[in-house]
Amino acid sequence: MNLHMKNRIVVKIGSALISDQADSKYLRHIADELAAFHKMGNEIIIVSSGAIATGVSKLNLKKKPTDLPSKQAAASIGQVGLMNKWTGAFLKYNIITAQLLLTKSDFEDRIRYLNTRNTILKLITWGSIPVINENDTVATEEINFGDNDTLSAIVASKVDADYLIIFTDVDGLYKNDPKRNKNAELIEEVKKISGDIEKCASDKTGCGLSVGGMFSKIEAAKIATAAGVEVFIANGKKNVSIPDIITGRVKCTKFLTDVKIGARKKWIAFGARTSGKILIDDGAAKAVIEKGKSLLPAGIVDIEGKFERGEAVSIIHADKEIAKGLVSYSSEDIKKIKGHKSSDIENILHRKEYEEVIHKDNLVIVNKS
């Protein structure tokens, strides 16, 4: 990190650091550090959990509701209090905050995605700090099994952030649970998110008021690093100095990236709604991942779902999604040409618009492992 250059960061703060049970002291401390970083000329976007937890506290409920209407109602009450906390924390620094409530559909539709991106970028050029949360008052699927770790990674990838910092209540990713094993070893640097790394985060349960644990943070790191964003998982109850975290002076977990990807491909990989799956063989997987080639019909084993030309699909190899792309042919056409050479397309379909099922310019690798 060059402190003399403008850096754009996305900071995600979990419910455990924001709820009234925590007396908001961690939120205020994080806000103080973010304000100092902001005053250095850097750009900051906050993804803040805590609407439901704040609503639960304001309603004096003994526990988080389990039914959807109650969750949504608690979120609608809590979101007001949550924004008041952030606005108040930055007020003494004369920093204006802005609220954005988003759902998956705001990213899946390209026009809505561009509008969302443009709004965020305009806010930060005005010197404001956007505070983003999932729109829990209207979301259904998201509120049941979504999480703001994933949202923060998607936002970071969409706004071309340099860094994503996920604040939680532990120092980072451990080889085993530090709450059960005081001698657990902290993993300070991750060059590649392998199966072994995923196993370290296999416990998906979070604290009582939060959604998602370390597993969701690893999934978020996959998204962000695939988009060229370095990720840090750090303890929001300890040293939260942004320069110290990014320059390695704080014990935390850092996920490296060497990827550079354009805005359009970021949308294909992390925004566009997928309409089906294309299953490919070993040879096609090697060509796509290692050689950066287009996906040809010869390497296709099977397809799932129904989709039209131009729609986004997942590319599956060995039961894992390795890429996403925009198809040049419909699912019906691909069923007919799968396993055949490109030279056979015209004879089979009685037309031939493209050699490739997915051209390399419309294809993005999301999992090299």
Note on segment 273-365, DSSP bridge orientation, antiparallel percent to nearest 5 equals 80 percent
Under Stokes-Einstein, the chain at 4 °C and 1.567 mPa s, with its Kirkwood radius over C-alpha pairs, diffuses with a coefficient in µm²/s of 60 µm²/s
Cross-link reach from LYS182 to lysines, straight Cα distance under 16 Å and at least 8 residues apart if same chain, gives LYS251
Percent antiparallel among DSSP beta bridges confined to the chain, rounded to 5, stands at 35 percent
Note to self: Kirkwood Rh of segment 273-365, Cα pairs, one decimal, Å, is 12.7 Å
From the Cα centre of segment 247-273 to that of segment 303-369, the distance in Å is 26 Å
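Report the extension gain between LYS238 and ASP32 in nm, rounded to one decimal, defined as 0.36 nm multiplied by the number of residues separating them, less their alpha carbon distance. Could you put the intermediate results ahead of the total?
Values: separation 206, 0.36 × 206 = 74.16 nm, distance 1.32 nm.
Extending this stretch completely gives an extra 72.8 nm.
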Listed by chain and number, the lysines with an alpha carbon less than 17 angstrom from that of LYS306, same-chain partners under 8 positions apart left out, are LYS277, LYS324, LYS335, LYS336, LYS338
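If packing is taken as the mean number of other Cβ atoms within 10 Å per residue, what is the order of 47-53, 80-86, 182-188, 104-110, highest first? Intermediate values should be presented prior to the final figure.
Numbers: 47-53: 28.3, 80-86: 19.1, 182-188: 12.1, 104-110: 16.1.
Sorting 47-53, 80-86, 182-188, 104-110 by mean packing, highest first, produces 47-53, 80-86, 104-110, 182-188.
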Any lysines whose Cα falls less than 17 Å from that of LYS63, other than same-chain ones fewer than 8 residues away, would be LYS71
Once both label points are put 7 Å beyond Cα along the C-beta direction, the SER194-ASN367 separation in nm becomes 1.7 nm
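Beyond 20 Å between alpha-carbons counts as too far, so tell me which of LYS179/LYS320; LYS122/LYS158; LYS158/LYS265; LYS192/LYS238 fall in that bin. Mind showing how you got there, number by number?
Working: LYS179/LYS320 31 Å; LYS122/LYS158 14 Å; LYS158/LYS265 10 Å; LYS192/LYS238 26 Å.
Pairs exceeding 20 Å: LYS179/LYS320; LYS192/LYS238.
Please list the helices of the chain that count as membrane-span-like by this rule: a mean Kyte-Doolittle hydropathy of at least 0.0 together with Cα atoms stretching 24 Å or more along the helix axis, each helix being a complete DSSP H run. Don't skip to the end; give the middle numbers.
On the way: long enough: 68-91 (34 Å, 0.32).
Going by DSSP H runs, the hits are 68-91.
A short reminder: the numbers here are calculations on the coordinates, not readings from a lab. This one's a predicted model, so the numbers in the text were calculated from it and none came from an experiment. Neighbour counts are summed over all protein chains in view; Cβ atoms, including those assigned to glycine, are modelled from backbone coordinates with ideal geometry.
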